[in-house]
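Encoded as structure tokens, the structure appears first; notes follow it.
The values are calculated or read from the model by the stated rules, or taken from the named source; none is laboratory data. Computed from a prediction, not measured in an experiment: that's the story for all the values here. Note that each Cβ is placed from the backbone with ideal geometry, even for glycine, and that neighbours are counted across all protein chains shown. What goes into the accessible areas is simple: the full protein's heavy atoms, side chains included, and nothing from ligands, DNA or RNA. Shrake-Rupley method; radii C 1.70, N 1.55, O 1.52, S 1.80 Å.
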Amino acid sequence: PSDDSLTGVHVVVTAGGTREPLDPVRFLGNRSSGKQGYAVAEVAARRGAKVTLISSSTLPAPAGVEVVPVETALELREQVLAIDADVVVMAAAVADFRPAAVSDTKIKKTHDPADPDAAPSVALVRNPDILAELVQRRGEATRPVLVGFAAETGDADGDVLTHARAKLERKGCDLLVANEVGDGLTFGQDESTVHLLRRGEAQVTTIGPAPKTVVATALWDAVIPLVKTL
Ligand code: C5P
């Protein structure tokens, strides 16, 4: 195998925005299309990896990739934790919160007969942080290699890179792919600009604006040295 080969490596990629149901017809969602995760899965398969794509997106499956469809953060968590992978790339936009209760029947417009114009309130609860669980489960081991994504916006507390560096060290994954979001950037687009940060290394690689397959290629080029030492 060449230096960039992933033959014999089992890769799990998560992709898409999770959907958190309120009732049988409604959900809380987000703007993630799944395109970047699908590109990551596609490039890994092309390089010879066994690829499991755990997805809440309806994009067509890339060639040679096994797709496990999921809808919610809890379903995604269950599927990810069930696989003993060499590399996990968490490209999914996992909802941080879900409705505390899911109604078995459609919530009626007039949900309170005593006050026909009232709107219901939705109580939310926190979803588990799956990437944090993977880091914790790995402990002192180096396998699986863990890659996180971070959608960041610059703000008064700092720029995208400052936030991304802090998130990488806090989360404890090996690599963080930070993309700048907001203002029509990234979500649903075919191109993006990302920064690749490695834990414990000051050096940052910036890619783009480039097609998401180019971003995926750079991601695997950064992951492969870590896989070779497993
Ligand atoms: O902290 P933040 O949500 O920005 O972190 C994003 C990264 O964490 C992504 O890799 C995402 O897939 C992952 N994540 C997760 N579980 C959550 C929320 C985010 O694994 N509940």
- Residue satisfying all of: in region 103-116; of a type in the set (V, I, T) and at pLDDT below 95; nearest to the ligand (Cβ to nearest atom) among these: I107
- Task: Output the residue which, of all residues in region 130-164 that are without any contact (Cβ under 8 Å) to a residue 12 or more places away in the chain and under 27 Å from T206 (Cβ atoms), is least open to solvent (accessible area, probe 1.4 Å).
- Result: G158
- Do you know which of the residues in region 77-102 that are open to solvent by less than 30 Å² (accessible area, probe 1.4 Å) and under 12 Å from L134 (Cβ atoms) is nearest to the ligand (Cβ to nearest atom)? M90
- Residues of region 117-167 classified as closer than 20 Å to L22 by Cα and more than 9 Å from the ligand (Cβ to nearest atom), total: 9
- Among the candidates A45, A63, A41, which residue alone is touching a residue at least 12 places away in the same chain (Cβ under 8 Å) and crowded, with 22+ Cβ neighbours inside 10 Å? A41
- Item | Count of region 18-60 residues which are assigned to a strand (DSSP E or B) and over 26 Å from D84 (Cβ atoms) | 4
